[in-house]
Amino acid sequence: MTETAQAPTHLQFIGGEQVPAASGETLEVVNPANDEVIAHVPMSAAEDVDRAVRAAAKAFETWQHTTPQDRSLMLLRLADAIEARVDEIGRLESRNAGKPVVAAIDEVPVVVDNLRFFAGAARVMEGKAANEYLAGHTSLIRREPVGVVASIAPWNYPIMMAGWKIGPALAAGNTVVLKPSAKTPLTAILLAEIAAEILPPGVLNVITGTGAGIGDAIVGHPGVAMVSVTGDTVTGMHIAKVAAERVKRLHLELGGKAPVIVFDDADLDAVADNLRTFGYYNSGQDCTAPCRVIAGPEVYETFVAKLADEVRQIRWGDPAEADDIDMGSLIGHDQVDKVAGMVARASDKAEVVVGGHAPDRPGAYYEPTVIAGPDQKSEIVQDEVFGPVVTVQRFGDEEQAIAWANDVRFGLAASVWTSDIGRALRVSKAIQFGTVWINDHFTLASEMPHGGFKESGYGKDQSMYAVEDYTIVKHVMIKS
């Protein structure tokens, strides 16, 4: 691992001010595409968490009383300010996360749109009509902010997930302590810098550090009323245990293992094209990635061949070396080792059709890979790879396709590919996933909810349902 010349040291934001960690210690931030240290950030500890939560709690005293109009206008200003720096933010994201530059830049307008949606949502909260539901008593419903929200964002979409979390929380009148991943903190720090010119001090705080160092301190802090986390299921389970000690509200968006059910009458070219793009987007490091194909008996061989041809055309490499690559690096060498181990174990009983190797070069890379014929109970089918690997299985009939789709512990996203709309609707009802696409996969809209079943967590991102998650319903009854 090498260090770039004059790798800058960034500060975190607490109470509207840029501050170091109380200890003065820092963490290295590495570009996973070339193993270079590109920055240093504060290595926070419990004392820093307490400072941030106290700042957020103080800000909440007034922020909760701002009008929806005021909150909306500030979110709109924040969206405009981010939009003005799309290229800068995207290029920083690319260097920090190993993403292709074009993809990283394209993700920033999604944050802008999301914030604009929640700016509008702040002004249109709905509830049951005030009425005399009992004679002589008038009832009304209030939706009130929860308080200080601890938002823990992942490394796979640093700026996008920060936007998903702060948008509904701030729109509802909460204040936020945002902890980005220690691996990808740079765009969150830049977001705080931009927001400091718009939001009152303490409304949005960003602290940096490792999950091991400050995760439990944030989740367990008595001043935190709600914890929102996007991450793997094991992390979510641990956070739920810590939060349970104080009965905190939780919003969990966790792992996924998305099935792609391809019936014999599907447009195979469309499926293969979609998987080439989205099965390997962000190097497959996405909990909604179409990674588990369940193909019909008549099209299985044809589809494996089509997908293999598409995947062989994926251009991958260091984002700094070319703007036209399709896939960059993984987040780090530990992730490469995980993917390589799962593929190696799968190759004992299934066919590695394409890829299957970690190249010998600087950076955290793994080749785009297709595996055909794994057993339903195998690790590669049951567990989240979180890498550029797509499996293809052959099902016998519709009943088996549904059973296999549901036979995992996750339930975040899925897709059904068929020209029979009746079958599409029947199967989309039968499979247990929070989002089901028909003849598509991976398309998201700010107005539509995103969240899962089973061990993929609970709570919704995006949409009005997210705003509801960040509020508490209060019944007020007046005796006349």
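Of all residues in segment 406-433, how many are in contact with a Lys or Arg (Cβ under 8 Å, 6 or more places away or on another chain) and small (Gly, Ala, Ser)?
Of the residues in segment 406-433, 1 are in contact with a Lys or Arg (Cβ under 8 Å, 6 or more places away or on another chain) and small (Gly, Ala, Ser).
Which is open to solvent by less than 10 Å² (accessible area, probe 1.4 Å) and of a type in the set (S, T, N, Q), of Asn96, Asn156?
Details: Asn156 fails: open to solvent by less than 10 Å² (accessible area, probe 1.4 Å).
Checking each option against the conditions leaves just Asn96.
Residues Gly356, Gly328: which one is touching a residue at least 40 places away in the same chain (Cβ under 8 Å), buried (at least 18 other Cβ atoms within 10 Å of the Cβ), within 20 Å of Phe278 (Cα to Cα) and not charged (D, E, K, R)?
Result: Gly328 is the single residue among Gly356, Gly328 that is touching a residue at least 40 places away in the same chain (Cβ under 8 Å), buried (at least 18 other Cβ atoms within 10 Å of the Cβ), within 20 Å of Phe278 (Cα to Cα) and not charged (D, E, K, R).
Somewhere in segment 440-450, is a residue at pLDDT 95 or above, open to solvent by 50 Å² or more (accessible area, probe 1.4 Å) and not in a loop (DSSP other than H, G, I, E, B)?
no
Which condition does Val203 not pass, out of (1) surrounded by fewer than 18 Cβ atoms within 10 Å (Cβ to Cβ); (2) farther than 18 Å from Gly459 by Cα, if it passes all the others?
(1)
If I ask for residues that are crowded, with 20+ Cβ neighbours inside 10 Å and either of a type in the set (Lys, Arg) or free of Cβ contacts under 8 Å to residues at least 12 places away in the same chain (or both), which ones from segment 231-257 would you list?
Correct list: Lys248, Lys257.
I want to confirm something. Restricting to segment 359-390 and keeping residues that are farther than 30 Å from Ala320 by Cα and touching a residue at least 60 places away in the same chain (Cβ under 8 Å), which single residue is most open to solvent (accessible area, probe 1.4 Å)? Break it down into steps so the answer makes sense when it comes.
Let us first name the residues in segment 359-390 that are farther than 30 Å from Ala320 by Cα, namely 372-383.
Checking the rest, the ones that are also touching a residue at least 60 places away in the same chain (Cβ under 8 Å) come to 372, 381-383.
Values: Ala372: 9, Val381: 0, Gln382: 36, Asp383: 52 Å².
Step by step, filter segment 359-390, then rank; the result is Asp383.
Given (1) β-branched (Val, Ile, Thr); (2) in contact (Cβ under 8 Å) with a residue 40 or more places away in the chain; (3) farther than 23 Å from Gly256 by Cα, where does Val304 come up short, assuming only one miss?
Unmet for Val304, out of (1) β-branched (Val, Ile, Thr); (2) in contact (Cβ under 8 Å) with a residue 40 or more places away in the chain; (3) farther than 23 Å from Gly256 by Cα: (3).
Of everything in segment 265-312, what is in a loop (DSSP other than H, G, I, E, B) and either surrounded by 15 or more Cβ atoms within 10 Å (Cβ to Cβ) or touching a Lys or Arg at 6+ places or on another chain (Cβ under 7 Å) (or both)? Give them in sequence order. It would help to see each step written out before you state the result.
Of segment 265-312, the ones in a loop (DSSP other than H, G, I, E, B) are 265-267, 279-280, 285-289, 296-299.
Those that are in a loop (DSSP other than H, G, I, E, B) and either surrounded by 15 or more Cβ atoms within 10 Å (Cβ to Cβ) or touching a Lys or Arg at 6+ places or on another chain (Cβ under 7 Å) (or both): Ala266, Gly279, Tyr280, Gln285, Asp286, Cys287, Thr288, Ala289, Gly296, Pro297, Val299.
At positive phi, touching a residue at least 12 places away in the same chain (Cβ under 8 Å) and buried (at least 18 other Cβ atoms within 10 Å of the Cβ): which single residue out of Gly209, Gly220 fits that description? Talk me through it step by step, then tell me what you get.
On the way: Gly220 fails: at positive phi.
Exactly one of Gly209, Gly220 is at positive phi, touching a residue at least 12 places away in the same chain (Cβ under 8 Å) and buried (at least 18 other Cβ atoms within 10 Å of the Cβ), namely Gly209.
The values are calculated or read from the model by the stated rules, or taken from the named source; none is laboratory data. Quantities reported herein were computed from a predicted structural model and do not represent experimental measurements. When we count neighbours, we look across all protein chains shown, and the Cβ atoms used for this are built from the backbone with ideal geometry, even at glycine. For the accessible areas, the whole protein counts, side chains as well, though only heavy atoms, and no ligand, DNA or RNA atoms are used. Shrake-Rupley method; radii C 1.70, N 1.55, O 1.52, S 1.80 Å.
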